[in-house]
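The structure under discussion appears below in the form of structure tokens.
The values are calculated or read from the model by the stated rules, or taken from the named source; none is laboratory data. For clarity, every value in this text was computed on a predicted model and none was experimentally measured. Reconstructed Cβ throughout: ideal geometry from the backbone, glycine too, with neighbour counts over all protein chains shown. Areas reflect the complete protein model, heavy atoms only, side chains present, ligands, DNA and RNA absent. Shrake-Rupley method; radii C 1.70, N 1.55, O 1.52, S 1.80 Å.
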Amino acid sequence: MNTQSAIMIKLPEAFGAKEASRLGRELKSRMSTDTPHVVVDFSRVREMNLAGMEGLLDCMETVARNDGALQLGEMSPEAAIFLELTRMDRLFNKFPVFDAAAGFTVEQELASETEDLASEKVGQPQTVAA
Amino acid sequence: MKIGAILTLTATNGKEADSSESGKDAARKRRRFLSNTPDVKLDVLGKSLLDRTIEKLEAAGVEATTVIPEGPAGTQLLSTRSLLSDDFISAWERAVAEWVQQGVGSLLLVSTGGYSDLDFEELLRFHGDRGAALTQAYAADGSLDMAVVNANFLRDVNGAYRKTLSGLISDQERFFYGGYVNRLRKPQDFRRLTEDALSGKCDLRPVGTEVGPGIWFGSGAEVDESCAIDGPAFVGAGTRMAACCNISGGSAIERDCEIDCGTTVEQSWILQETYVGLGLNVRRSIVSNQKMFHLDRKTEIAISDPRLIRATKSLPFARAGAALLNKLQIAN
């Protein structure tokens, strides 16, 4: 059984430069495996800006550098519009998705175990499967 | 015969209003579509619907038009008093009184709640031929919020003109119009209007020159030669499009916009004086200088990042701020 973990990142309502840089720091500190697998949940996002997008790109780069996989989680309509406008949606699609057969399970109900990120205004990574 | 007109700028449409909101709140929300400009004053392919209506009235022989803001929509010409503000009623009564005093033979009452290709001349002719006191225009789905009144019935009136008009309703003539009608109830309807106009489905014409099949440029539009434009499309007066932009799907970019390098505009409508940033993908959307409405997701987002979207012209307070800064620098 594969024991690699996936990290669920639930982004806050407003995602700008400050939140993105904190997300980057958290992501780096929490990546315990050589091949990180990240799920980015945009369900709460209502507002984004280019600085937030750039921060997200940095995180994608970090994941890519570690041969990881990145997958879109739930998506608010507002976030979907921002991603489409900035063409970031296409970038997300270029990442390899999780191979469930290899032992990854990102269970929806486990998302509730994540901290209330909106209150901290930062995407907080959380191990959701082991 | 002298013909006068009263044009009411519609604030909202009753059918759209959320039942939990008061009429006034709903009106306030609806009359500002994505921007601080009332819907009817927004340019649609180079000219506002307000200006277009006034021009059409003039062409039909109307001597002058009195414009009254803030009326509610939907049978507003003869709505019940409870739906109208006192200010509006007073302004409307005053306008009617002025026209009657000036001795008009017919008075056209028009609201700007929607768009139609109705020919006012035809309506006036119908009204004259029937010798009616009041003629209202109807489309298949209801009233068009346009009426012609024989001003003789308004002379020597004691009390409110509205009351007199209400008394004429039972004997009204109905003018049925079978042409193009767009009620403009939702943002999607505005987009449909630009699309229909560009594809010739209605009489609304782009203001500019047709530079290619279905491709219209307003005066002073600057489009880089590396841009790809797939018609029908409209680029408004004074708009600049930087290198490698793509325009397609019946898109319209109104006047004084700036579309930065490599941006794609597909099946969208960019409102006047809007900057759209570098390398963006605007698809199935209506974009103002501060907000964006996605037609498929039916969601409006506010965009505060000026690198994405902003106004191309400085706002009055920004200009005032710059002037103040200038004075301070001079003083120092």
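Of B:ALA228, B:VAL211, B:LEU280, whose Cα points farthest to the positive end of the dipole of the range B:206-331 (charges on the beta-carbon: +1 Lys, Arg; -1 Asp, Glu; origin at the Cα centre)?
So the residue furthest toward the plus end is B:LEU280.
Return the average number of partner chain Cβ atoms within 10 angstrom of each residue Cβ along peptide B:287-296.
2
According to a simple spin-label model (label point 7 Å from Cα along Cα-to-Cβ), what is the distance in nm between B:LYS201 and B:GLU93?
Simple spin-label model gives 4.4 nm for this pair.
Within 10 Å of each Cβ of B:299-312, how many other protein chain Cβ atoms are there on average?
Taking the mean over all residues of the peptide, I get 4.
Once you sort the root eigenvalues of the Cα gyration tensor of the range B:88-205 as a ≥ b ≥ c, which label holds: rounded (a/c under 1.5), prolate (a/b larger than b/c) or oblate (the other case)? Walk me through the numbers before you get to the answer.
Numbers: a/c = 2.39, a/b = 1.86, b/c = 1.28.
Because a/c hits 1.5 or more and a/b exceeds b/c, the range B:88-205 counts as prolate.
Indicate the residues belonging to the range A:54-81 that lose 40 Å² or more of solvent-accessible heavy-atom surface (probe 1.4 Å) upon moving from the chain alone to the assembly of all protein chains, ignoring ligands and nucleic acids.
In the range A:54-81, residues shielded by partner chains: A:ILE81.
Share of the range B:161-283's accessible area from carbon and sulfur, percent, 1.4 Å?
Here it works out to 47 percent.
Going by amide H atoms built from the backbone, whose H comes under 5 Å of the H on B:TYR275, apart from near neighbours?
B:GLU258, B:ARG310, B:ALA311, B:THR312
I'd like the distance separating the alpha-carbon centroids of the range B:191-207 and the range B:229-265, in whole Å.
Computed from Cα coordinates, the inter-centre distance equals 17 Å.
Enter the mean number of other protein chain beta carbons within 10 Å of the beta carbon of each residue in A:44-51, as an integer.
Mean partner shielding for this stretch: 3.
Over 29 Å between Cα atoms: which of A:LYS10/A:LYS94; A:LYS10/B:LYS186; B:LYS2/B:LYS201; B:LYS56/B:LYS201; B:LYS201/B:LYS298 fall into that group?
From the list (A:LYS10/A:LYS94; A:LYS10/B:LYS186; B:LYS2/B:LYS201; B:LYS56/B:LYS201; B:LYS201/B:LYS298), the Cα-Cα distance tops 29 Å for A:LYS10/B:LYS186; B:LYS2/B:LYS201.
Estimate for me the total accessible surface buried between chains A and B (protein heavy atoms, probe 1.4 Å, no ligands or nucleic acids), in Å² to the nearest 100.
That pair hides around 1600 Å² of surface in total.
Tell me the label-point distance for the pair B:GLN101, B:ALA140, using the 7 Å Cα-to-Cβ offset, in nm and rounded to one decimal.
About 4.6 nm separates the two model spin labels.
What is the spin-label model distance, in nm, from B:GLU121 to B:GLU55 if the labels are put 7 Å beyond Cα along the C-beta direction?
Simple spin-label model gives 1.6 nm for this pair.
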